[in-house]
Amino acid sequence: MKKPTIDFITLGCSKNLVDSETLMGLFESHGYHITHDSDNPQGDIVVINTCGFIEDAKQESIDTILEFAQAKTEGKLQRIYVMGCLSERYLADLEKEIPEVDGWYGKFNYKQLLYDLEASDERQEVKEYQRHITTPKHYAYIKISEGCDRHCAYCAIPLITGKHHSRPMEEILDEVHALVKQGVKEFNVIAQELTYYGVDIDGKQHIAELIEKMADIEGVEWIRLHYAYPAHFPWDLLHVMREKKNVCKYLDIALQHISDHMLDCMQRHVTKEQTYELIRRLREEVPGIHIRTTLMVGFPGETDEDFQELLDFTRWARFERMGAFAYSEEDGTYSAKHYKDDVPVEVKQARLDRLMRIQQNISAEIEAAKIGQTMRVIIDRVEGDWLVGRSEFCSPEVDPEVLIPADESLTIGQFYKVKVTDAEEFDLYATTRYE
C-alpha cells in the first residue's frame, strides 16, 4: 500500500528545525515521501512544528494551524498534526479550541506520531544524524543540548523544555562524522545555553572539549557557536576559538541589558562590571571576533537611566551583530507573576527604535571598514544577478551576506577567496576577480 505524502511546516528557531529534520528522517526510513515548507503543500498530511517563545511567535503558530485547518475543511488535505513548543505548553486549550487537528504532540514525544500513524508499537530508533537535512547540503545545525537551568525572569523556555540536558559527546561527534560524509562542511552549533554543556553530566563545563574534538574531524571547515550565556563563561573556549582555524571567530551571546538594576530584576546572575570585562576579554583573546547579541528594552521597572546605560554600552561595545526586542509578558514566568508590565508600549517602541538606530550606524561603519579586505566565503545560492555567500562572521539567515556578481560562475557549496568592493548597512559586495 502506498504511504501518504507528508508536508512538514517548521516555525521558530533552528532548534525546532533539527526536531523537524529528525522526525522527517524517521518517516523516510519507514518509506514515506516527505516535503518541507512547500509554497503550496500537496501532501495528504501536514505536520506543523510550532514555536511558543514570545507572543508574536505564538500567534504565527496559531494562525498557521488555523490556515491548514481551513484547508482540511475544504478537502485540500486529509489530516493535520501539531508538535513543538506551543502544543507542549498549551495542549489542553489547543485541543479544545481547534478540534480540526487530528493529533497533538509536544516538544519531546513527537516521534510517537509515526507509530500512531502506523498503528504499531514496534519502535525503530532514529539517530539524530539520520535526520533529513533541509538546509543547503553544505551546512547544518547541530543541537548539543535541550532545556535550560538559568530561569531568567522573563523567559518561558524552561517552562516548555525543562531542565538542561546535554547530549552525549560521542553521539554528537558521530553525527558530525556522518554529516561530513553527506557533504556538510559548516556546522552551526546550537543550544538554549551551549556554555552549560556537560554540567548536568558531571558538574563541569565541557563545551571547549566538545568544540576542540569537532574541529579535529577531517572535513569540518567551519564551526560557529550560538547562544552562549554571560555568567560563568568557560574561558577555555576562547583558546579553542583562537587556535583552531576552523572554529569561526564568532560568538552569539545574548546579554539582554547592562544596568545592574535591570540585570538583577531579570535574574541574569551577572553584573554590569562582569559584562564589560567579558566583552573586553572576548576581543582581547580572540582578535577579530564578531559578537552577536540580543538586547531587551522595556522590561518592568526600566527607567530612563537604565536605558541610557544600555545606549552607552551599545556605543562602547560596538557589536558586529545585534538584535533587540521589546519586553512582552509571558504566562507563568517570574516577571509575569511578580512584576507589573509598567513601561508603556509607546515608550518601549521609542526606546527600541532609538537603540536600533545606533546599532545601524555601528553596523554600517563596521561593514564599510571591510572594503578592500580579502576574505573566505562559502556560496549559499544564486539570487537574481548575484551569487550570495557568507564569511565566517555570518550565520545563515540572520546575518549580513556577501554578494558577488553571478557572472563569476562560482559553485554553490564551495569556498572562495574574495575581495570586498563595497558595503551597505548589512551586506557586502565582493569579487573573485582581483588578482
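Summary table
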read-out	value
Coordinate range along principal axes, alpha carbons of the chain, Å, largest first	62, 59, 46
Estimated FRET transfer efficiency (D56, D341; beta-carbon r; R0 22 Å; 0.05)	0.90
Kirkwood-based Rg to Rh ratio, the stretch 53-93, C-alpha trace	1.01
Cβ-derived FRET efficiency at R0 25 Å, E397 paired with T5, nearest 0.05	0.40
The chain: antiparallel DSSP beta bridges as a percent of all, rounded to 5	30
Gain on full stretching of the segment that runs from D312 to H261 - 0.36 nm per residue minus C-alpha separation	16.8 nm
Partner lysines for K340 [C-alpha distance under 20 Å; skip if fewer than 8 residues away on the same chain]	K348
Dipole magnitude (debye, nearest 20) for the chain, charges at Cβ of Lys, Arg, Asp, Glu	900
Surrounding net charge for S395, when Lys and Arg each add one and Asp and Glu each subtract one, Cβ distance under 13 Å	-3
Accessible area of the chain divided out per residue, in Å², using a probe of 1.4 angstrom	44
The stretch 346-374 and the stretch 249-293: distance between their alpha carbon centers, rounded to Å	18
Cα-Cα pairs of the stretch 217-363 separated by more than 24 Å (percent)	36
Reachable lysines, given that their alpha-carbon falls under 26 Å from the alpha-carbon of K204 and they are not under 8 places away in the same chain	K15, K127, K143, K163, K213, K244, K245, K249, K272
Three principal axis lengths of the stretch 144-281 [C-alpha, angstrom, descending]	49, 33, 25
Rounded percent of accessible protein surface that carbon and sulfur make up, the chain, 1.4 Å probe	47
Percentage, to the nearest whole number, of Cα pairs in the stretch 313-404 over 22 Å apart	50
Cβ-based charge dipole, the stretch 1-122, positive-most Cα from I9, G84, L113	L113
Distance in nm between pseudo-label sites at E329 and R150 (7 Å out along the Cβ direction from Cα)	2.4
Peptide ranges 96-109, 337-350, 188-201 listed from the most packed, as the mean C-beta count within 10 angstrom indicates	188-201, 96-109, 337-350
Label-point separation, R280 to S38 (7 Å along Cα→Cβ), nm	5.8
Nonlocal amide H pairs with D37, under 5 Å, H built at 1.01 Å	F8, I9, T10
Ellipsoid equivalent to the stretch 190-261 - semi-axes via the Cα gyration tensor, in Å	23, 15, 10
Qualifying lysines (Cα of each under 21 Å from Cα of K76; at least 8 residues distant if same chain)	K2, K3
Net charge over other residues, Cβ less than 13 angstrom from the Cβ of Y81 (K, R count +1; D, E count -1)	-3
Exposure ranking of R357, R376, R79 by accessible area [1.4 Å probe, largest first]	R357, R376, R79
Area of V240 that stays accessible when all protein chains are in place (1.4 Å probe, Å², to 10)	10
List T73, T50, T421, T294, ordered by accessible area with a 1.4 Å probe, largest first	T73, T421, T294, T50
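The values are calculated or read from the model by the stated rules, or taken from the named source; none is laboratory data. Just so it is clear, the structure is predicted and the values come from calculations on it, not from any experiment. Cβ coordinates were reconstructed from backbone atoms using ideal geometry, including for glycine residues, and neighbour counts include every protein chain displayed. Note: areas computed on protein heavy atoms with side chains; ligands, DNA, RNA excluded. Shrake-Rupley method; radii C 1.70, N 1.55, O 1.52, S 1.80 Å.
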